[in-house]
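So the structure is just underneath, and the comments pick up after that.
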Amino acid sequence: GLRRRLAELVPNGTSAALGCQEKVRGDRQVVGWPPLQRLTAAGALAAYSLIHIVGGLLDGFGVRWWAAHATLLGALRNGGLLPQECDVDLALWRADAHWLVRPAFRAALAATGIAAYQLPTYMTVRFCLAHVPAEAEQRSVDGLLACAPPYVDAHLADMAPNQKHRWDYIWRSDTRYAQSFPLAGLFRHRPGGGLEDLRLRMPFGGHTQVWVPRPETSEEYLAVLYGPDWRTSVRQRDGPPDGRGNPGIGALVHNDSSQGGAAFRGLYVRPSGPLRDVVSELAALGLLRQGGNGTSGR
């Protein structure tokens, strides 16, 4: 069934067929122009399958989420997963996170052949292919194990303390994340209480979609993380560290300002499908229990 479909992506049951075995850090991440794709074809299908299924399950259980980090950059600028990336990053609204530990959600996740690992120090849940052997991960509470790429990392986000119109990550791994961002592109406070959902759906590859913030949030967020020229420039992930040892904006790899960034459109990890409609199959089997607020964006 569903588990067999994911297992077929990696028939030998190892991570070797997926790509991204090399340890790439900082200024060595983007290789060449156009950038070298680090995931194999099987790894690409695994990555898109993971976000397609995990995103669909989060929606089905009413968990609000959106593309984050380089995943958001790839969605808005390139239209899919960036060639140099090996994982997918999401922000997950803290108020809905309780669904992730409920038996119904865990049962639905297990039925698809996806495992979830908790990295509590980083306030992150990592979703992986269950049949690919786990690897050592000291940040994980699950036997100090997690998984090889590709995977989906969901980072908990919440309203910033004493700032009802801004949000931040609960864990800030370096100074880029140790600040707040506008809430206006995600949610609006209702006069009677609660939040109106303003997220947008955006294609991610040719066969699935992700939630993204509106420009009121995404413009500032991406400028902080990737520089104010993020629409027209490809940079290395990290630059020289600042005085506190945190990485700075990476070195320029390619500038497309003359075309307004048009050269980047469609430059994403391939193949991106076709992908199976797992959420509909789960619903038909009675394994999906709908939450109340996960699919109200536009």
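The values are calculated or read from the model by the stated rules, or taken from the named source; none is laboratory data. Small disclaimer: the values here were computed from a predicted structure and weren't measured. Please note: Cβ atoms are built from the backbone with ideal geometry, for glycine as well, and neighbour counts cover all protein chains shown.
Pairing residues of the stretch 154-168 that are in contact (Cβ under 8 Å) with a residue 40 or more places away in the chain with residues that are surrounded by fewer than 16 Cβ atoms within 10 Å (Cβ to Cβ) and of a type in the set (Val, Ile, Thr), at Cβ distances under 9 Å and at least 6 apart in sequence or on separate chains, gives His155/Ile170; Leu156/Ile170; Ala157/Ile170; Asp158/Ile170. Considering only residues in the stretch 94-137 that are charged (D, E, K, R) and touching an Asp or Glu at 6+ places or on another chain (Cβ under 9 Å), the one that is farthest from Ser280 (Cα to Cα) turns out to be Arg94. Tallying residues that are more than 16 Å from the chain's Cα centre (by Cα), assigned to a loop (DSSP other than H, G, I, E, B) and in contact (Cβ under 8 Å) with a residue 24 or more places away in the chain within the stretch 187-206 yields 2. Of everything in the stretch 201-226 that is within 27 Å of Ser49 (Cβ to Cβ), out of contact with any Phe, Trp or Tyr (no Cβ under 7 Å at 6 or more places or on another chain) and at pLDDT 95 or above, the residue that is surrounded by the fewest Cβ atoms within 10 Å (Cβ to Cβ) is Pro203.
With respect to the conditions (1) assigned to a loop (DSSP other than H, G, I, E, B); (2) loosely packed, with under 13 Cβ neighbours inside 10 Å, Arg276 falls short on a single one, namely (2). Candidates in the stretch 94-103 are the residues that are part of a helix (DSSP H, G or I) and of a type outside the set (A, V, I, L, M, F, W, C); of these, the one that is modelled with the lowest pLDDT is Pro103. For the stretch 88-104, the criterion of a residue being touching a residue at least 24 places away in the same chain (Cβ under 8 Å), within 13 Å of Leu50 (Cβ to Cβ) and surrounded by 21 or more Cβ atoms within 10 Å (Cβ to Cβ) is satisfied by at least one position. Condition test on Val253, is it assigned to a strand (DSSP E or B), among the aliphatic types (A, V, I, L, M) and touching a residue at least 40 places away in the same chain (Cβ under 8 Å)? When the stated conditions are applied, Val253 passes them.
So which residues in the stretch 48-62 are part of a helix (DSSP H, G or I) and touching a Ser or Thr at 6+ places or on another chain (Cβ under 9 Å), if there are any at all?
First pass over the stretch 48-62, keeping only residues part of a helix (DSSP H, G or I): 48-60.
Residues satisfying the conditions are Tyr48, Ser49, Ile51, His52, Ile53, Val54, Gly55, Gly56, Leu57, Asp59, Gly60.
Evaluated against (1) buried (at least 19 other Cβ atoms within 10 Å of the Cβ); (2) in contact (Cβ under 8 Å) with a residue 24 or more places away in the chain, Ala116 falls short on exactly one condition, (2).
Among the residues making up the stretch 119-142, those that are buried (at least 19 other Cβ atoms within 10 Å of the Cβ) and either over 14 Å from Phe61 (Cβ atoms) or without any contact (Cβ under 8 Å) to a residue 12 or more places away in the chain (or both) are Leu119, Met123, Thr124, Arg126, Cys128, Leu129, Val132, Ser140.
For Arg237, the criteria (1) within 17 Å of Leu72 (Cβ to Cβ); (2) modelled with pLDDT of 90 or more hold in every case but one, which is (2).
Kindly evaluate Arg265 against the criterion of being touching a Gly at 6+ places or on another chain (Cβ under 9 Å), within 14 Å of Ala75 (Cβ to Cβ) and free of Cβ contacts under 8 Å to residues at least 60 places away in the same chain. No: the conditions fail for Arg265.
For Arg106, the requirement of being part of a helix (DSSP H, G or I) and in contact with a helix residue (DSSP H, G or I) (Cβ under 6 Å, 6 or more places away or on another chain) is not met.
Looking only at the stretch 68-92, residues that are among the polar types (S, T, N, Q) and either in a loop (DSSP other than H, G, I, E, B) or touching a strand residue (DSSP E or B) at 6+ places or on another chain (Cβ under 7 Å) (or both) come to 2 in all. Can you find a residue that is under 26 Å from Gly227 (Cα atoms), part of a strand (DSSP E or B) and at pLDDT 95 or above anywhere in the stretch 126-149? No, the stretch 126-149 contains no residue that is under 26 Å from Gly227 (Cα atoms), part of a strand (DSSP E or B) and at pLDDT 95 or above.
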